[in-house]
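Heads up: the structure comes next, in structure tokens.
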Amino acid sequence: MKNKLIAIVSFCFIHMSLFGATDHYDNIGKIYAVVAVVAITLLGIAAFLFYLERRINSLEKQLEDE
Amino acid sequence: MQKLLLQSWWKLLGIIIMLYVLIAGFIVPLKPGVLSIEPLEIECGSSAILHISAYNSHFNEVKKLKAYLKIDSINQIEAADIRVLNRKELDIVFDIPSHLPDTSKTSERATLVILDVDQGFLITPSAIAITQSEPSNYPFYGQWNDEIDSFSGHWSFAFPFRSILYETIRNTFFHVAIWFAMFVLLIVGLIYSVKYLYGRQLNHDAVAASFTHVAVVFGLLGVATGSVWAKNTWGVYWTNDPKLNMSVVALMIYLAYSILRSSIAGDDRRAQVSAAFNIFAFAAMIPLIFIIPRMTSSLHPGNGGNPALGGEDLDHTLRLIFYPAIIGLTLLGTWISTLLYRIRKIQLKIIDRSLN
């Protein structure tokens, strides 16, 4: 997840330097709404992965208890 | 099936596809488009100067610019003069004929068409009101018969420019695709619920529960992302729109599925009841999400009086990223579902062992 974010950010910078003057990153175009949507999606999936980890932890505990 | 579950190629494929979607979804630029026009009303017989400010345009680098005011497919005039102020701004001079082509009307809404010979058309439908103080007694077709040049430049890889949406058209790859992925996961859950009712294998119930669980998470993300998108386009986080409310009702039914599962003791009994409930929930979701919103009017695209996925809204550049996004998110969701399934399977084994 983290790698993905780093990839996006770096590609954005490469894009800005290559293509120069586009209005891509003015907020007139509401690009931050897209960033927010991607962030929500990734954070939501990450939250679910943490939930899975918790379930695995409890399984490990059950095995230890036996 | 069991073997495929443990193979990693499709998981990697899912990640690679999502990487492609994220990168392409962000770096492909938007086509140029008109942000504002001033003035919005002009009079017949006058020489009007329209001040245009545009988005993503390169007016100062363009070889040749043309501009037209178009009333309908046969009545249009070409600009008398175009002055490029800078990359984003233009002054366009139109000599408006003394009368409108329609002898009965006092005003018409004309479409502004700017042709950038390299990059294509910038079209603003119904942009300008043209008024005439006195309709003429005889037709004025003669003055409105300039022809619009066809575009012969090269095709550029860019997303369509839609006013209000602007860059948020990219949300199609995330918000819309996550709903599609949710739908696929729910279908897998449904299939395994039916399979359980036929074969009474607890494993099948575990598959159904896992896929449905992940699908609900995707659905919640769909609602949350949709809400952010709505704030940025409609101006509010939530409206009492049938599509929005009904999809939440459908999600509530699926949330009830999870609660139901946790409230029944005994594996077989829980599996039976929840399999039956899952089939009911799926049968309820179809009319809630796909039928009722189409029967009324809705702000949400793809519903009553508001098309989506039609030629205009989803052009081929969007499709090149939107379809992979659905596949990528489905693979990602399947992967997470199989992890949950394996947890459930181990749980069943532990319970089995403690009983013996």
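Please name whichever of B:Ile128, B:Gly333, B:Ser297 sits farthest to the positive end of the charge dipole of chain B, dipole taken about the Cα centre and charges placed at Cβ: Lys and Arg +1, Asp and Glu -1.
B:Gly333
List the pair-distance distribution P(r) of the stretch B:91-130, using every Cα-Cα distance, as the percent of pairs falling in each 10 Å bin from 0 up to the bin containing the longest distance, rounded to whole percents.
P(r) for the stretch B:91-130, in whole percents per bin: 24, 47, 23, 5.
Rg to Rh ratio, chain B, alpha-carbon atoms and Kirkwood radius?
Ratio of gyration radius to Kirkwood radius: 1.15.
What does the extension gain come out to for B:Ile74 and B:Lys105, with contour length at 0.36 nm per residue minus their alpha carbon separation?
The B:Ile74-B:Lys105 span can extend by a further 9.5 nm.
Run the Debye formula on the Cα coordinates of the protein assembly as shown, all scatterers equal and no solvent, and tell me log10 I(q)/I(0) at q = 0.08, 0.10 1/Å.
Taking Cα atoms of the protein assembly as shown as identical point scatterers yields -0.58, -0.80.
Give me the Kirkwood hydrodynamic radius of the stretch B:33-144, using the inverse of the mean 1/r over all pairs of distinct Cα atoms, in Å to one decimal.
When all Cα pairs of the stretch B:33-144 are included, the Kirkwood radius is 14.2 Å.
If I take every Cα pair under 8 Å that is 6 or more residues apart in the stretch B:236-351, average their sequence separation and divide by the length, what percent do I get for the relative contact order?
RCO, the stretch B:236-351: 23 percent.
Within the stretch B:196-276, list the trypsin sites (Lys or Arg not before Pro) lying in a DSSP loop whose Cβ has at most 13 other Cβ atoms in a 10 Å radius.
Taking the stretch B:196-276 and a limit of 13 other Cβ atoms within 10 Å, the loop trypsin sites (Lys or Arg not before Pro) found are B:Arg200.
Quote the relative contact order of chain B in percent (integer), defining contacts as alpha-carbon pairs under 8 Å separated by 6+ residues. Each step should come with its number before you reach the end.
Working: 569 pairs, mean separation 63.7, N = 356.
Contact order relative to length: 18 percent.
As a footprinting exposure proxy, order B:Ser258, B:Ser298 by other Cβ within 10 Å, with the fewest listed first.
Fewest to most other Cβ atoms nearby, the residues stand as B:Ser258, B:Ser298.
Test of understanding: ordering A:Lys30, B:Lys66, B:Lys3, A:Lys61 by Cβ neighbours within 10 Å, fewest first, what list do you get?
B:Lys3, A:Lys61, B:Lys66, A:Lys30
Using 0.36 nm per residue of separation minus the Cα-Cα distance, give me the extension gain between B:Ile279 and B:Met295 in nm, one decimal.
Full extension of this stretch gives 3.4 nm more.
Taking the Cα-to-Cβ direction at B:Tyr237 and at B:Gln2 and moving 7 Å from each Cα, how far apart do the two end points lie in nm?
With each label placed 7 Å out from Cα toward Cβ, I get 4.8 nm.
With unit charges on the beta carbons (Lys and Arg positive, Asp and Glu negative) and the dipole taken about the Cα centre of chain B, which residue among B:Ile346, B:Gly25, B:Ile15 sits farthest to the positive side?
The residue sitting most towards the positive pole is B:Ile346.
Using the basic label-point model (7 angstrom from Cα toward the beta carbon), what is the B:Leu348 to B:Ile148 distance in nanometres?
6.2
Normalised by the residues of the stretch B:185-307, what does the relative contact order come to in percent, with Cα pairs under 8 Å and at least six apart?
Value for the stretch B:185-307: 28 percent.
Quick one: B:Trp10, B:Trp335, fewest Cβ neighbours within 10 Å first, how do they rank?
Fewest-to-most ranking of B:Trp10, B:Trp335: B:Trp10, B:Trp335.
Need one number: nm distance between label points at B:Ile259 and B:Asn245, each 7 Å from Cα along Cα→Cβ, rounded to one decimal.
Each label point lies 7 Å from its Cα, and together they span 2.0 nm.
If you take every DSSP beta bridge whose two residues both sit in chain B, what share of them, in percent to the nearest 5, is antiparallel?
90
To the nearest 20 debye, what is the magnitude of the charge dipole of the stretch B:1-152 about its Cα centre, counting +1 on the Cβ of each Lys and Arg and -1 on the Cβ of each Asp and Glu?
1160
In the structure displayed, which of B:Lys88/B:Lys231; B:Lys63/B:Lys88; B:Lys31/B:Lys70; B:Lys11/B:Lys345 lie more than 18 Å apart, Cα to Cα?
Numbers: B:Lys88/B:Lys231 27 Å; B:Lys63/B:Lys88 15 Å; B:Lys31/B:Lys70 21 Å; B:Lys11/B:Lys345 20 Å.
Checking Cα-Cα distances, B:Lys88/B:Lys231; B:Lys31/B:Lys70; B:Lys11/B:Lys345 exceed 18 Å.
Just so you know, all these numbers are worked out from the coordinates, no wet-lab data involved. None of these values were measured; they are calculated from a predicted model. No Cβ is skipped: glycine too gets one built from the backbone with ideal geometry, and neighbour counts run over all protein chains shown.
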